[in-house]
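Novice: Before I ask anything, let me first share the structure, which is written out below as structure tokens.
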């Protein structure tokens, strides 16, 4: 039982971290997020098409399968995050049976995602050569790493801009005092 509680606590922390990251993105206006989403989708299509070396015929078959998979995976992950959020908010008042039920639902969510991945790769075998099916895993990881690097660079750039403004205003203030 202690192992289950420890596992749920670790998963709750992961969920809280994910919610924090998502909340940081909610500060932007809806229009800006929509525009960013469209740019990100266009970039992802270009990145995958180039790095998988998809022919036009392959791309035409690949993208509907991939988009369906992505939508289903996103729904599973969103549902899992809501489950974690609910458990985090009610953890103190939950009985052991409720905690165990939440843990079971969480494990089922991961199992459902694994089944989705297996089904997706079976579908991919019908539209791409085996080498490109294997390459997709690498391309997905490269894409995620690229996005994370880009995000970190943007955050560092914003952080440096903020520091520069504070320094500038501090210097201007001290210059005004000496005049």
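Novice: Scan the stretch 134-179 for residues that are modelled with pLDDT of 70 or more and farther than 22 Å from residue 43 by Cβ and report the count.
Specialist: Within the stretch 134-179, residues that are modelled with pLDDT of 70 or more and farther than 22 Å from residue 43 by Cβ number 3.
Novice: Then there is this: Check 118, 87, 103 and return the single one that is part of a helix (DSSP H, G or I) and surrounded by fewer than 11 Cβ atoms within 10 Å (Cβ to Cβ).
Specialist: 118
Novice: Restricting to the stretch 50-71, name every residue that is in contact with a helix residue (DSSP H, G or I) (Cβ under 7 Å, 6 or more places away or on another chain) and over 14 Å from residue 124 (Cβ atoms).
Specialist: 51 - this is the single residue of the stretch 50-71 that is in contact with a helix residue (DSSP H, G or I) (Cβ under 7 Å, 6 or more places away or on another chain) and over 14 Å from residue 124 (Cβ atoms).
Novice: Among 69, 43, which is under 20 Å from residue 117 (Cβ atoms) and surrounded by 14 or more Cβ atoms within 10 Å (Cβ to Cβ)?
Specialist: 69
The values are calculated or read from the model by the stated rules, or taken from the named source; none is laboratory data. Here the structure is a predicted model, which means the values were calculated and not measured. Backbone-built Cβ (ideal geometry, glycine too); neighbour counts: all protein chains shown.
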